[in-house]
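The values are calculated or read from the model by the stated rules, or taken from the named source; none is laboratory data. As the structure is a computational prediction, the values presented were derived from the model and not from experiment. Every residue, glycine among them, receives a Cβ derived from its backbone with ideal geometry; neighbour counts consider all protein chains shown.
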Amino acid sequence: MAKHRSLASRLSRFGLFTTVALAACSRFGAVYPPRPPESPAAPVADPAPARIVTHVSVTSGALKSSLDETVPGKGDGDFPLAGTTRRYSWTRNPLAVSFSQGRLVLDTRVDAKVDVRVGSLDFPIDLKVAAEPVVNTDYKVKLQSIDVKVTSTDRRLRVADSVGGVFEAIRAQVHQKLTEFEYDLRPTLAEAYARVAKPLEIPIGDAKGCAMLKVLGVEAGPTVIADGLEKDLALVVAPSVTLPCAEAADAPAASLPPLANVATIQPGPFTVTVPIAARYDELTRAMSVTFTDGKYFFSEDYPKLYLEKPEIYESQGLLVLKMHIAGPVHAAGIDTDINGDIFLSGHLSVVDNELKIPDLEPTIETSNFLLSIKAMADGPKIRDQARAALRLDIGDRLRTVRTKLSSDLTFGGPRACFKGDVDRIEVTGAYAHGNYVRVYVAVTGRAAASVPCPNAG
């Protein structure tokens with residue numbers, strides 16, 4: 001008789017459990033907390049403008065080489081002498097480049113030859129040029145305030161100059177060529193701009209995002225003379241990351257905007273705050289990396305019990321995680337299948353570069369549901385597993401971006417090279433909106449361009 005009462009008691013408990021569980025499961029068909037209405041609108045990153053500062057160095061050797069190609073190596077002409085027209089010609093030696101009081105100084109020796117009645121006379125000439133190097137709006141190094149002096153200690157040539165203006169003729173030829181001189185920085189900077197402006201794909205699980213650095217303008221600080229030309233350039237950018245991609249990664253980049261010369265630019269490492277805007281469906285796909293074949297087996301006591309179909313959305317300032325729980329439960333005389341939805345909610349926060357919901361807790365309905373089937377794994381265990389599943393190390397996932405940005409912004413050849421480094425990535429904030437989440441990431445880096453490349457053979 002006792003045996004029959006024990007069996008009846010077990011059947012009674014099983015029937016009660018099944019009835020309560022099924023009732024609870026049916027009660028969880030409605031979404032709680034309420035889901036906001038769906039919107040087709042894309043997530044909004046709304047980035048603030050920032051500056052990527054690049055230190056550009058043009059060595060005196062590079063300037064000398066370019067100027068040697070520009071300044072004429074020889075010239076000739078006619079001048080009147082004693083009622084007749086005489087011919088003169090000249091050939092210069094290599095240029096010596098130096099800097100004085102913020103100006104570029106060129107010195108060279110010129111060998112001049114003047115035709116006379118019998119044969120010709122050779123004269124030494126000293127050619128000295130002082131000019132101020134500037135970078136114009138088209139990224140070309142030009143010379144302004146050009147001062148060309150042609151002198152000689154030879155008395156015979158001074159006589160010739162007083163008669164026919166040989167000095168002035170040579171000075172005018174050199175001055176004209178220096179006025180036309182330009183050293184083009186655009187090719188190097190245009191390649192860096194194209195690499196920065198191109199959307200960078202970021203895979204996060206099954207989701208795909210894009211990092212964008214929309215270039216709004218380019219600014220140039222004052223020129224520094226230090227055995228060459230040094231200048232800080234700043235790309236004014238509006239950085240953002242969107243999930244999904246707001247623009248195609250193969251979209252053509254806009255052309256390099258005109259250069260704007262400004263009074264000052266903050267040198268050294270720069271920090272750019274990048275807003276990451278992600279739709280909840282994309283975050284759900286990113287979260288799916290925790291699931292194996294779409295399922296997350298979380299219970300040691302019930303190894304066939306699993307969570308699946310995660311959904312994330314915002315409701316009344318809280319981030320809500322909805323998951324389907326299913327699988328067989330075989331223990332303590334219970335032999336049934338669990339099949340229902342559970343809901344957990346909490347506040348989004350950032351802790352040491354991790355996006356997490358530290359206060360994630362089951363909703364009231366979910367707590368009642370879990371209590372009603374307490375023979376299964378209890379609520380705190382599911383809660384802790386859900387918290388772990390929702391921990392997203394943004395810093396770790398953006399390390400690929402850090403590496404790729406550093407490699408993409410390091411390029412060049414013998415004529416010039418560009419080097420970029422991303423030194424630090426820090427997640428500074430996360431905010432849940434109705435249709436998307438916005439996360440702010442501060443990226444600190446350095447960039448430099450060298451003309452020519454330091455390691456060029």
Q: Look through region 127-165, keep the residues that are of a type in the set (Ser, Thr, Tyr) and assigned to a strand (DSSP E or B), and return whichever of them is modelled with the lowest pLDDT.
A: 151
Q.
Among the residues of region 180-189, what is the count of those that are surrounded by fewer than 15 Cβ atoms within 10 Å (Cβ to Cβ) and assigned to a helix (DSSP H, G or I)?
A. 3
Q. Do we find a residue being of a type outside the set (Asp, Glu), modelled with pLDDT under 75 and not in a strand (DSSP E or B) anywhere in region 49-63?
A. no
Q: Give the number of residues within region 105-126 that are aliphatic (A, V, I, L, M) and either at pLDDT 90 or above or assigned to a loop (DSSP other than H, G, I, E, B) (or both).
A: 4
Q: Pick out the one residue from 141, 114, 105 that is more than 22 Å from residue 220 (Cβ to Cβ) and buried (at least 19 other Cβ atoms within 10 Å of the Cβ).
A: 114
Q. Can you find a residue in region 179-197 that is under 17 Å from residue 47 (Cβ atoms) and either modelled with pLDDT under 85 or outside the structural domain of residue 438 (by TED's automatic domain parsing) (or both)?
A. yes
Q: Would you please name the residue that is surrounded by the fewest Cβ atoms within 10 Å (Cβ to Cβ), looking only at residues in region 424-451 that are within 12 Å of the chain's Cα centre (by Cα) and within 30 Å of residue 60 (Cα to Cα)?
A: 446
Q) What are the residue pairs meeting all of these: first residue in region 300-328, first residue touching a residue at least 60 places away in the same chain (Cβ under 8 Å) and outside the structural domain of residue 432 (by TED's automatic domain parsing), second residue outside any strand (DSSP E or B) and among the basic types (Lys, Arg), Cβ atoms under 8 Å, and 6 or more apart or on different chains? A) none
Q) Which condition number in (1) modelled with pLDDT under 70; (2) within 30 Å of residue 301 (Cα to Cα); (3) surrounded by fewer than 20 Cβ atoms within 10 Å (Cβ to Cβ) is the one that residue 456 fails? A) (2)
